[in-house]
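Here is the structure we will look at, set down as structure tokens.
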Amino acid sequence: MDISKREQLIVQKAIEYFSQHGFECGTRDLARHIGVTQSLLYKYFPNKQALVDRVYQEVYVARWNPLWEQQLRDRTVPIEARLKRYYLDYAKSMLKKDWVRILIFAGLKQEGINNRLFELLRERIFKTVAEEVRHAYQLAEPADADDAEMDVELVWALHASIFYLGMRKWVYKSGLPKDVNALIETLIEGFIGAMKQRRRADGLATNEQGKK
């Protein structure tokens, strides 16, 4: 087996192991599961953190579609349609067993993976969604940083509700509704309604203060 194929096999076996058992294992146990010697594992990855970083690249970064951000900003398409297209595609691409379970284990024991992913989502998706919804419905702009942050938190809440579907399937194993796509679309509609209500209420409050 050539070097590149062996390295990819090690990464795939590590993904499998981390998604099942978490990150508390030592490199000896990890090498045993992968089916290589510890010394051979070190030949490809000098330490466990290097392997964890590669797993992050494979599970999260490699599945990131660069078109998502471009499509979310395409104002020739109605915002509701943009959000539905994005979240349906995101759920299909990302809410897989290894993606969900590794993120959960990372949040409990292995700092870094979850923080990096959440920062990526926040800066490149959540802020964009909030901005595009405000623009589409001509909603009041945030009065300050705290106000803008609340809009981002609403996007977080939408995203978390969709991520929880993956939790139900791969962590709790409690089953999913028959029509997951319809549920995701309904959650998006509810989010848009909440954004409209919040920003319009803020706009009215600002106008009333101005009159005083």
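Results, tabulated for the structure shown:
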item: Approximate shape of the chain as ellipsoid semi-axes (Cα gyration tensor, √5λ), whole Å, largest first; result: 41, 17, 15
item: Partners for Lys84 among aspartates and glutamates (Cα-Cα distance below 17 Å; same-chain residues under 8 apart left out); result: Glu69, Asp74, Glu131, Glu132, Asp179, Glu185, Glu189
item: Net charge, Ile188 excluded, C-beta distance under 11 Å - Lys, Arg +1, Asp, Glu -1; result: 0
item: Projected-area average for segment 25-71 over all orientations - Cα convex hull basis, square nanometres; result: 3.9 nm²
item: For the chain, the longest site-free run once GluC sites (Glu not before Pro) in DSSP loop states with at most 11 other Cβ atoms within 10 Å are removed; result: 112-212
item: Within-13-Å neighbourhood charge of Asp29 [Cβ basis; K, R +1; D, E -1]; result: +3
item: The chain: calculated mean residue ellipticity at 222 nm from DSSP helix runs of at least 4, using -39500 (n - 2.57); result: -23000 deg cm²/dmol
item: Sum of side-chain charges, Ala81 neighbourhood, beta-carbon under 14 Å (Lys, Arg +1; Asp, Glu -1); result: -1
item: Per-pair calculated FRET efficiency, R0 = 35 Å: Gln71 and Ser174 via Cβ, rounded to 0.05; result: 0.65
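Only the coordinates and a few stated rules stand behind these numbers; no lab work does. Just so it is clear, the structure is predicted and the values come from calculations on it, not from any experiment. No Cβ is skipped: glycine too gets one built from the backbone with ideal geometry, and neighbour counts run over all protein chains shown.
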